[in-house]
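Everything on this sheet refers to the single structure shown next.
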Amino acid sequence: MVSIAPSPIALLDAAGGHPLLHRQLFDATTGTYTYLLADVASGQGVLIDSVFEQHDRDLSLIRELGIELVATLDTHAHADHVTGSWLMQQATGCAIGLAKATRAKNVTLPLQHGDQVSFGGRHLDVRSTPGHTDGCITYVLDDQSAAFTGDALLVRGCGRCDFQQGDPHTLWRSITEQIFSLPNSCLLYPGHDYTGRTLSSVAEEKAFNARLGGGADERDFVGHMTNMKLPHPGQIAIALPGNMRSGQPPGEQPVQHWAPIQRSFAGLPELLPSWLAEHSSEVTVLDVRSEDEVDGPDGRIETSLNIPLPELEQRQGELPCERPLVVVCHAGSRSALATQQLLKAGFERVANLRGGLLCWSDEGYPLIGSINH
Ligand code: FE
């Protein structure tokens with residue numbers, strides 16, 4: 001972590017803000033919503049319905065906000081995408097929560113109706129809401145102001161019931177008895193939406209859900225659900241076996257990176273000063289500040305090569321190809337742009353020094369020519 005500032009979640013607490021941090025993230029390929037919840041006072045949090053391909057994004061947000069992840073939770077074994085749960089457990093040591101009924105591998109928090117998942121001073125209540133699959137769970141926030149329904153109930157719709165032990169009669173009971181029994185004002189956060197609708201409420205779905213709202217009864221709902229004639233989900237052959245391992249990839253473990261790269265929430269590959277200090281002889285340190293700054297009182301890293309940012313595009317030929325590049329500047333902002341430019345130009349082994357020379361110097365590493373050293 002960058003040491004120059006307290007973590008953002010601590011600042012929220014100091015400012016007396018809302019005690020719950022709540023982020024809704026979106027995977028455009030599968031229309032999946034992922035939710036990050038954290039207790040602001042303690043910094044502990046949970047992640048609901050993560051997506052394997054979005055792991056770097058989710059992890060960088062968790063790290064940037066300074067959240068201690070207690071558990072990654074899934075609402076069910078998805079058929080359309082692979083969960084990022086196993087990757088998140090590997091990265092943070094968090095628990096993996098899923099319905100016990102699913103019997104998936106690597107689950108460390110097998111959940112049943114009535115269980116609670118605590119994070120700091122907050123918790124989620126587990127309600128069993130089968131019907132889309134037989135292991136579907138709705139997570140209800142402790143004060144019943146919000147519920148995370150997965151595919152049991154979507155905005156103006158619901159998950160299909162025609163595979164994975166689905167049953168429309170069961171889903172009818174789950175929705176009417178377990179979700180519509182929540183307060184009318186309870187906000188409902190779905191597992192998916194394909195048209196940009198982000199959330200709803202119990203009152204809205206009771207009134208307007210085309211399948212079971214208004215005056216519809218069980219007969220109407222089952223009639224609707226059994227006549228939808230949906231195509232078989234394309235991803236199920238890959239997604240379901242992957243989710244039965246909680247997202248652990250099959251076979252041996254992947255490719256080692258050239259360095260312990262952390263991706264920022266903005267999507268940038270970054271390295272920490274401590275790593276660079278130990279490995280500076282194995283990389284080219286590229287300083288993109290102006291010549292005046294490099295020779296000025298801020299100092300420079302001893303072995304660095306200086307190409308100012310405005311000249312970088314023309315002078316890329318001067319960069320040695322045989323070693324990875326770590327790009328630096330005063331605070332990590334100009335070097336972030338340089339890193340993006342180099343990646344775009346085809347340099348594969350390139351990373352930004354997180355926090356720049358400010359952070360490097362704050363952590364006690366030397367700068368040649370600096371008046372502070
Ligand atoms: Fe689903």
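Numbers below:
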{"quantity": "Single residue of the range 80-131 satisfying the filter (among the hydrophobic types (A, V, I, L, M, F, W, C) and within 16 Å of the ligand (Cβ to nearest atom)) that is most open to solvent (accessible area, probe 1.4 Å)", "calculated": "Ala101"}
{"quantity": "Flag if His55 is under 11 Å from the mean Cα position of the chain (by Cα), in the same structural domain as Pro231 (by TED's automatic domain parsing) and outside any strand (DSSP E or B)", "calculated": "yes"}
{"quantity": "Qualifying residue in the range 237-257 (condition: open to solvent by less than 40 Å² (accessible area, probe 1.4 Å), outside any loop (DSSP other than H, G, I, E, B) and free of Cβ contacts under 8 Å to residues at least 40 places away in the same chain)", "calculated": "no"}
{"quantity": "Some residue of the range 230-242 being more than 30 Å from Ala38 (Cβ to Cβ), in contact with a strand residue (DSSP E or B) (Cβ under 7 Å, 6 or more places away or on another chain) and within 16 Å of the ligand (Cβ to nearest atom)", "calculated": "no"}
{"quantity": "Qualifying residue in the range 289-302 (condition: within 30 Å of Ile96 (Cα to Cα) and surrounded by fewer than 18 Cβ atoms within 10 Å (Cβ to Cβ))", "calculated": "no"}
{"quantity": "Of the criteria (1) away from the ligand (no atom under 16 Å from the Cβ); (2) open to solvent by less than 10 Å² (accessible area, probe 1.4 Å); (3) of a type in the set (Val, Ile, Thr), which one Thr149 fails", "calculated": "(1)"}
{"quantity": "Pairs where the first residue, in the range 150-167, is in the same structural domain as Tyr139 (by TED's automatic domain parsing) and on the phi > 0 side of the Ramachandran plot and the second is part of a loop (DSSP other than H, G, I, E, B) and near the ligand (Cβ under 10 Å from one of its atoms), C-beta under 7 Å, 6+ apart", "calculated": "Gly150/Asp49; Gly150/Thr75; Gly150/His76; Gly150/Cys136; Gly150/Gly191; Gln164/Ala79; Gln164/Thr133; Gln165/Thr133"}
{"quantity": "Sole exception among (1) open to solvent by less than 80 Å² (accessible area, probe 1.4 Å); (2) out of contact with any Gly (no Cβ under 9 Å at 6 or more places or on another chain); (3) of a type in the set (Gly, Ala, Ser) for Ala266, by number", "calculated": "(1)"}
{"quantity": "Cβ-Cβ under 6 Å pairs, at least 6 apart or on other chains, the range 71-90 side of a type in the set (Phe, Trp, Tyr), far side part of a loop (DSSP other than H, G, I, E, B) and within 16 Å of the ligand (Cβ to nearest atom)", "calculated": "Trp86/Ser246; Trp86/Gly247"}
{"quantity": "Any chance Val202 is in contact with a Pro (Cβ under 7 Å, 6 or more places away or on another chain) and open to solvent by less than 10 Å² (accessible area, probe 1.4 Å)", "calculated": "yes"}
{"quantity": "Boolean, Ser185 is surrounded by fewer than 17 Cβ atoms within 10 Å (Cβ to Cβ) and in a strand (DSSP E or B)", "calculated": "no"}
{"quantity": "Flag for Val51 being within 24 Å of Arg197 (Cβ to Cβ) and within 16 Å of the ligand (Cβ to nearest atom)", "calculated": "yes"}
{"quantity": "Condition met for Asp134 (closer than 18 Å to His192 by Cβ, touching a strand residue (DSSP E or B) at 6+ places or on another chain (Cβ under 9 Å), open to solvent by 20 Å² or more (accessible area, probe 1.4 Å) and within 16 Å of the ligand (Cβ to nearest atom))", "calculated": "no"}
{"quantity": "Flag if Gly332 is assigned to a loop (DSSP other than H, G, I, E, B) and within 19 Å of Trp275 (Cα to Cα)", "calculated": "yes"}
{"quantity": "Filter result (among the polar types (S, T, N, Q), open to solvent by 10 Å² or more (accessible area, probe 1.4 Å) and in contact with a Cys (Cβ under 9 Å, 6 or more places away or on another chain)) within the range 45-79", "calculated": "none"}
{"quantity": "The range 188-208 - residue that is touching a strand residue (DSSP E or B) at 6+ places or on another chain (Cβ under 9 Å) and assigned to a helix (DSSP H, G or I) and, of those, nearest to His113 (Cα to Cα)", "calculated": "Val202"}
{"quantity": "Count of the range 159-182 residues which are in a loop (DSSP other than H, G, I, E, B) and open to solvent by less than 10 Å² (accessible area, probe 1.4 Å)", "calculated": "2"}
{"quantity": "Some residue of the range 164-180 being more than 16 Å from the ligand (Cβ to nearest atom), within 24 Å of His22 (Cα to Cα), modelled with pLDDT of 95 or more and more than 27 Å from the chain's Cα centre (by Cα)", "calculated": "yes"}
{"quantity": "Every pair of residues 6+ apart whose Cβ atoms lie under 6 Å, when the first sits in the range 361-372 and is under 7 Å from Arg300 (Cα atoms) while the second is of a type outside the set (Phe, Trp, Tyr) and loosely packed, with under 12 Cβ neighbours inside 10 Å", "calculated": "Leu367/His373; Ile368/Glu302"}
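The values are calculated or read from the model by the stated rules, or taken from the named source; none is laboratory data. Since the model is a prediction, treat every value here as computed from it, not as a measurement. Quick reminder, even Gly has a Cβ in these numbers, built from the backbone with ideal geometry, and neighbours come from all protein chains shown. Ligands, DNA and RNA are excluded from the accessible area calculation, which covers all protein heavy atoms including side chains. Shrake-Rupley method; radii C 1.70, N 1.55, O 1.52, S 1.80 Å.
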